[in-house]
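Let me begin by presenting the structure, written as structure tokens, before commenting on it.
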Amino acid sequence: MAGNSFAIFGLGVFGAFLAQELSRSGNHVTAVDINPDRINDISSKVTEAVVADVSSEEVIRELEVSKFSAVILCMSSHFESQLLALTLLKQENVSKVYVKAGSILQQRILCRLGADEIIQPEQSAAERLSRRLSLDNITDFVEFKGSAIAEVSVPEDMIGKSLRQLDLRNRSKINVLMIQKAHSAPESVWSPDAELEAGDMLTVFGDKRSMVEVFHLKK
């Protein structure tokens, strides 16, 4: 079977979108919700869709949850059921349980009950948008434990210079992955001697702090 095997419990907006995206990426996805209408809506878009109450010990056993690479609980609006499901999943030794939290208090409780990772999509989206609005030249910015990948426009002090001259990798621990010229599709950087022009967009990866400094934080 291609990809990994995931179970999504709770098919609200976030859960349904996540289930479909994981399925599109070639993963085996089992979607579970107590609402038959939600299951009908998603049944053709995932591997398996099941109407069930995941706060039930019998249901958890029938689903054979230990076979999944991870289970993602997306039931923060039904917090009591989510707590019961998390407890049952941990008892069944599921490899990894991700849980969507609707508040800081929920997050604290879920962590104490053994959630492997907490998801707060609204907070994450707000933080990402804040970074985008606060950084000149940076149109997208995603962090990876101290590093980041970003899409940036070339600042004025780099125009007319080549990547070889800038030497971003050695000076700032930043790697340029792709370049996009005006009215062109992004492409890999083949020559370090090509001069950067106004309007060029770069996809870069590297040290987060250096990236902010090199591509300019708003004052």
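Can you tell me which residue in segment 17-73 is surrounded by the most Cβ atoms within 10 Å (Cβ to Cβ), limited to those that are under 21 Å from the mean Cα position of the chain (by Cα) and among the charged types (D, E, K, R)? Out of the qualifying residues, it is K45. Beta carbons closer than 7 Å, at least 6 apart along the sequence or on distinct chains, pair a first residue in segment 152-172 that is part of a loop (DSSP other than H, G, I, E, B) with a second that is charged (D, E, K, R) for V154/D200; I159/E197; G160/E195; K161/E195.
For segment 173-197, taking the residues that are part of a strand (DSSP E or B) and acidic (D, E), the one that is farthest from F215 (Cα to Cα) is identified as E187. Taking first residues from segment 31-50 that are within 11 Å of G12 (Cα to Cα) and in contact (Cβ under 8 Å) with a residue 40 or more places away in the chain and partners that are assigned to a helix (DSSP H, G or I) and aliphatic (A, V, I, L, M), no Cβ contact under 7 Å between residues at least 6 apart in sequence or on separate chains turns up.
Taking the criterion of being touching a strand residue (DSSP E or B) at 6+ places or on another chain (Cβ under 6 Å) and of a type outside the set (G, A, S), the residues of segment 201-213 that qualify are M201, L202, T203, V204, F205, K208, M211. If you filter segment 74-99 down to residues that are surrounded by 24 or more Cβ atoms within 10 Å (Cβ to Cβ) and in contact (Cβ under 8 Å) with a residue 60 or more places away in the chain, you find that the one that is farthest from G15 (Cα to Cα) is A85. In segment 98-105, is there at least one residue being touching a Phe, Trp or Tyr at 6+ places or on another chain (Cβ under 8 Å) and under 24 Å from Q123 (Cβ atoms)? For segment 98-105, residues touching a Phe, Trp or Tyr at 6+ places or on another chain (Cβ under 8 Å) and under 24 Å from Q123 (Cβ atoms): present. Taken over segment 6-24, the criterion of being of a type in the set (V, I, T) and either free of Cβ contacts under 8 Å to residues at least 24 places away in the same chain or out of contact with any helix residue (DSSP H, G or I) (no Cβ under 8 Å at 6 or more places or on another chain) (or both) is satisfied by V13 alone. Selection of segment 160-198 for residues being in contact with an Asp or Glu (Cβ under 7 Å, 6 or more places away or on another chain) and not polar (S, T, N, Q) yields G160, K161, R164, K173, I174, M178, I179, K181.
No lab work stands behind these numbers, since they all come straight from the coordinates. Model, not experiment: these values are computed from the prediction. Cβ coordinates were reconstructed from backbone atoms using ideal geometry, including for glycine residues, and neighbour counts include every protein chain displayed.
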